[in-house]
2 protein chains.
Amino acid sequence: MNEGHTPTISTVAVVGTGVIGRSWIVVFARAGCETRAWDPDPAQLERARAWFEGEVARLTEAGLVTAEGAASWRDRVRWARTQAEALEGAGYVQESGPERLDIKCQVYAQLDRLAGPAAILGSSTSALDMTAIAAGLPGSARCIVAHPVNPPHVIPAVEVLGGAMTATDTTERTCAFLVSVGQTPVRLKRFAPGFILNRMQAALVREAVNLVADQVADVEAVDAVIRDGLGLRWALMGPFAVASANADGGAREYFTRYGASYNALWQDLRADTELTPDLVRRIGEETEAMLRGVSVADLMTWRDRLILGIRRLKTRHPLHGKE
Amino acid sequence: MNEGHTPTISTVAVVGTGVIGRSWIVVFARAGCETRAWDPDPAQLERARAWFEGEVARLTEAGLVTAEGAASWRDRVRWARTQAEALEGAGYVQESGPERLDIKCQVYAQLDRLAGPAAILGSSTSALDMTAIAAGLPGSARCIVAHPVNPPHVIPAVEVLGGAMTATDTTERTCAFLVSVGQTPVRLKRFAPGFILNRMQAALVREAVNLVADQVADVEAVDAVIRDGLGLRWALMGPFAVASANADGGAREYFTRYGASYNALWQDLRADTELTPDLVRRIGEETEAMLRGVSVADLMTWRDRLILGIRRLKTRHPLHGKE
């Protein structure tokens, strides 16, 4: 996933090792970074360590890394006992703590005090504004949002957005670093709640919920239209490239020709969706029936393995020739 | 794409051979059906024939069919000179004409008069209600919507929905036939404008357009979040299975835990989107810049090849073991 790259920053700290943080450890260790993992809760760190061992074993078994490669990943991770130990010498910090502004502010105040002066302080937040998180910090210029898709060691996109005080150089260096560890940074122009990713997902989920709530289709049908239909295109192209591929004259012709149809459909989409307990129960039951006994853990393993397969396919057949 | 199946209906007519109709010809011929193609415009039929030859050659070159297999596909297609010739002996008709109710009504009146009494009359309509199309026809019980994703010989999902007079048996036989030719029928419970597919797509496209219009992100960033992020999951799972894979307790826990976040985001999504000429021009320009000179034709060829690759990957690694 980062063939031929050398990380532009050699030592990295992962602070907070829940579901997102533990996956970042794989990203950095795989790319060749000296990676220090720390969590304020020692039990959480222990769970992350056990998951990391299991995940490296699964990836080895699936032929996605050699035994030798896996050993080098393990060697690069230090499970730090204190935050200071994790941060020492780190040029980049990936923070993945709870999504509460008051907690994030505390965590960032500590990071800014303890991390070396050149270190970038990146946050996995999916919702908060860095302007608020870093407000008043001496090092606010080095604070930035780097929000991944779950799980980042499998899915490359990372939303990157600074706060009002973030230096341009911080943004540039963060993007270059993310590319060098095999991720795909995506720069936002300004803050919006949910950034790009959660807004787009919320828009799709809302209509999915509406279709089920309004008895147009069941959960299985809605999911099938995505996984055996629209999602096959979206794994390759976003909505604007899809539009280009649907009209001989490209996106401009497409939106000119179908503008009226979109306007009419947009008028018809309900915006008053509400996830009532009854609806959530029904969705839960229908989804469980659809999955036919597959456990969440098996679903995750299957998802990750196949996504890595799709990414290999895209790497072997790039749209723009060899890049 | 239909390994091990024998079509449940052996002779098929494709009426209307534009972009959708021509792709259906590949679906049926590939599956082993005697396939008769006809278009009221002889020049359109000639273009479809040229496209078919080119597409079969491209699929052969890409190793997706052997030269022998390709020859058998060609042998199974008859390019009919009259509608009656196309319909003679056909047990299933796939109609792919213009999306105007008055035209569809005329076309269906003809089909119902000319087709054998046992033939199912399926329509590729993406928007119209079969209750209205087949109103008053003697054979309204055999009329049904079978709306594919473009292009159906690459993407399997087909939305299936009868009108008020459609017989249950028509729906059952249509679904069984679609499965037997390698497609994935998706049954709707009732009509809604845009069915499932175009409603879900419209919801995503609206937010994509909003993000660009509101200067949160440019076209390239929005597309990247889908193709290198959310779309990688959606090629495998719809939004409800994705929710299951994002919470240890499955979809019910997910929507319980994130219900408030969704409600807040849904409140924040703009519903007054309008595709003004200025916005369409900007989207067109940014999309063209993103594609860096790749032609629409090359984009389609690349898309189709990679989607077939993703489908092979999913077939080799099914979620529910060997099916």
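The values are calculated or read from the model by the stated rules, or taken from the named source; none is laboratory data. Computed from a predicted model, the values in this text were never measured in an experiment. When we count neighbours, we look across all protein chains shown, and the Cβ atoms used for this are built from the backbone with ideal geometry, even at glycine.
For the range A:141-195, filtered to residues that are touching a helix residue (DSSP H, G or I) at 6+ places or on another chain (Cβ under 8 Å) and among the hydroxyl-bearing types (Ser, Thr, Tyr), the residue that is nearest to A:LEU299 (Cα to Cα) is A:THR184. Any residue that is over 20 Å from the mean Cα position of the chain (by Cα), without any contact (Cβ under 8 Å) to a residue 40 or more places away in the chain and within 27 Å of A:ALA127 (Cβ to Cβ) - is there at least one of those in the range A:46-53? Yes; the residues of the range A:46-53 include at least one that is over 20 Å from the mean Cα position of the chain (by Cα), without any contact (Cβ under 8 Å) to a residue 40 or more places away in the chain and within 27 Å of A:ALA127 (Cβ to Cβ).
Any residue at all in the range B:196-207 that's more than 7 Å from chain A (Cβ to nearest Cβ) and in contact with a helix residue (DSSP H, G or I) (Cβ under 9 Å, 6 or more places away or on another chain)? No: zero hits. Of the residues making up the range A:92-133, those that are under 21 Å from the mean Cα position of the chain (by Cα) and among the acidic types (Asp, Glu) are A:GLU95, A:GLU99, A:ASP129. Only a single criterion out of (1) in contact with a Gly (Cβ under 8 Å, 6 or more places away or on another chain); (2) on the phi < 0 side of the Ramachandran plot is not satisfied by A:GLY250, namely (2). For the range A:71-91, filtered to residues that are among the charged types (D, E, K, R) and part of a helix (DSSP H, G or I), the residue that is nearest to A:TYR108 (Cα to Cα) is A:GLU85.
In the range B:234-260, which residue that is part of a loop (DSSP other than H, G, I, E, B) and facing chain A (nearest Cβ under 7 Å) is modelled with the lowest pLDDT? Walk me through how you get there before you give the answer.
Looking only at the range B:234-260, we keep the residues that are part of a loop (DSSP other than H, G, I, E, B), and these are B:235-238, B:246-249.
Cutting the leftovers down to facing chain A (nearest Cβ under 7 Å) gives us B:235-238, B:246, B:248.
Details: B:ALA235: 98, B:LEU236: 98, B:MET237: 97, B:GLY238: 98, B:ASN246: 88, B:ASP248: 81.
Ranking the qualifying residues of the range B:234-260, first place goes to B:ASP248.
Of all residues in the range A:57-80, none are modelled with pLDDT of 95 or more, crowded, with 19+ Cβ neighbours inside 10 Å, out of contact with any Leu (no Cβ under 9 Å at 6 or more places or on another chain) and of a type in the set (Ser, Thr, Tyr). Within the range A:137-179, the only residue that satisfies the criterion of being touching a residue at least 40 places away in the same chain (Cβ under 8 Å) and charged (D, E, K, R) is A:ARG173.
Return yes when A:ALA157 is among the small types (Gly, Ala, Ser) and touching an Asp or Glu at 6+ places or on another chain (Cβ under 6 Å) and no when it is not. Let's see the steps before the verdict.
Values: among the small types (Gly, Ala, Ser): yes; touching an Asp or Glu at 6+ places or on another chain (Cβ under 6 Å): yes.
Taking the combined requirement at face value, the residue satisfies it.
Does any residue of the range A:261-270 turn out to be among the hydrophobic types (A, V, I, L, M, F, W, C), more than 20 Å from B:ALA208 (Cα to Cα) and either at the interface with chain B (Cβ under 7 Å from one of its Cβ atoms) or in contact with a Phe, Trp or Tyr (Cβ under 9 Å, 6 or more places away or on another chain) (or both)?
Let us first name the residues in the range A:261-270 that are among the hydrophobic types (A, V, I, L, M, F, W, C), namely A:264-266, A:269.
Next, only the ones that are more than 20 Å from B:ALA208 (Cα to Cα) stay: none.
No, the conditions are met nowhere in the range A:261-270.
Counting the residues of the range A:112-127 that are closer than 19 Å to A:ILE9 by Cβ and surrounded by fewer than 24 Cβ atoms within 10 Å (Cβ to Cβ) gives 6. Taking helices (runs of 4 or more DSSP H) as the structural unit, those lying wholly within the range A:92-196 and holding at least 2 residues that are β-branched (Val, Ile, Thr) and closer than 30 Å to B:ARG227 by Cβ correspond to A:130-133, A:168-180. Do we find a residue being aromatic (Phe, Trp, Tyr), outside the structural domain of B:ARG206 (by TED's automatic domain parsing) and crowded, with 18+ Cβ neighbours inside 10 Å anywhere in the range B:301-320? Yes. Residues in the range A:291-314 that are more than 7 Å from every other protein chain (Cβ to nearest Cβ) and over 19 Å from the mean Cα position of the chain (by Cα): A:GLY293, A:SER295, A:ASP298. Here B:VAL15 meets the list (1) among the hydrophobic types (A, V, I, L, M, F, W, C); (2) at pLDDT below 95; (3) within 19 Å of B:VAL158 (Cα to Cα) almost entirely, failing just condition (2).
Here is the figure for the range A:261-291: residues that are in a loop (DSSP other than H, G, I, E, B) and farther than 30 Å from B:SER126 by Cβ total 1.
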